[in-house]
Amino acid sequence: MGRKITSLPNIIKMVVFLLVVFYNVEAFAETELPQDYGAKGALQDSSIPLEEALTYAIQDEYLAQARYDTIISKFGSIRPFTQIKSAEQRHISALLSLFKKYNIKVPEDNAKQYTKEPGSLKEAFQAGVEGEVDNIAMYNKLASLSGLPQDVKVVMKQLGDASQNHLVAFRSGLSKYQ
């Protein structure tokens, strides 16, 4: 008979909690990109030994793959994202062979937590442009490091050159939205 009436402030708190949990689950999954991750990390690091060079590079490739996976899942299998996603997998394979050759532990691929779903194709192309600009700058820096083995420098140069083509494709796609 005696039903306890919950106070209005508690009901409001409960409703807000439920809204956050059920409608913003993705907001919790997305984490801000650490400053020492991928290209951003490499570009601000002043002393990069072999293990860190390979780690920065593969993290950035993981990040690109996760970004393109997110874009493809939202907008479908559209060019150039599908082709560049395949190219990023080849980049990862090249880097994995260096990890193996130099007996360096491969870092976990946790890049998905750092990707954000773009609101539009224009945003997707812009993210592609920004990602490739940083990627190219990273590879240029890594390829010029004096302490890296020559075969690592060659791979870094090749991957940076390939990223130039990705940048052209993303800029072309972005130009359609300008």
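Loop-only GluC sites (Glu not before Pro) in region 92-170, please: DSSP not H, G, I, E or B, and at most 14 other Cβ atoms within 10 Å.
Working: sites: Glu108, Glu123, Glu130, Glu132; in loops: Glu108.
Loop-located and lightly packed - Glu108.
Whole-Hz Karplus ³J(HN,Hα) for region 43-49, in order, using 6.51 cos²θ - 1.76 cosθ + 1.60 and θ = phi - 60°, x for Gly and Pro?
So the Karplus estimates, Gly and Pro as x, are 5, 9, 7, 8, 9, 10, x Hz.
Run the reach check for Lys105 against lysines, Cα to Cα strictly under 25 Å, same-chain hits fewer than 8 apart removed. What comes back?
Lys40, Lys85, Lys141, Lys153, Lys157
May I ask you to derive the FRET efficiency for Asn165 and Lys116 from their Cβ-Cβ distance with R0 = 30 Å, giving the value to the nearest 0.05?
Working: r = 25 Å, r/R0 = 0.82.
The value I calculate is 0.75.
Are there trypsin sites (Lys or Arg not before Pro) in region 63-127 that DSSP marks as loop and that have at most 10 other Cβ atoms within 10 Å, and which are they?
Values: sites: Arg67, Lys74, Lys85, Arg90, Lys100, Lys101, Lys105, Lys112, Lys116, Lys122; in loops: Lys105, Lys116.
In loop regions of region 63-127 (DSSP not H, G, I, E or B), the sparsely surrounded trypsin sites (Lys or Arg not before Pro) are Lys105.
Ranked by Cβ crowding within 10 angstrom, fewest neighbours first, how are Thr82, Thr70 ordered?
Numbers: Thr82 13, Thr70 18.
Going from sparsest to densest Cβ surroundings: Thr82, Thr70.
Where a number appears in this text, it was derived from the coordinates with a stated rule and is not lab data. Quantities reported herein were computed from a predicted structural model and do not represent experimental measurements. When we count neighbours, we look across all protein chains shown, and the Cβ atoms used for this are built from the backbone with ideal geometry, even at glycine.
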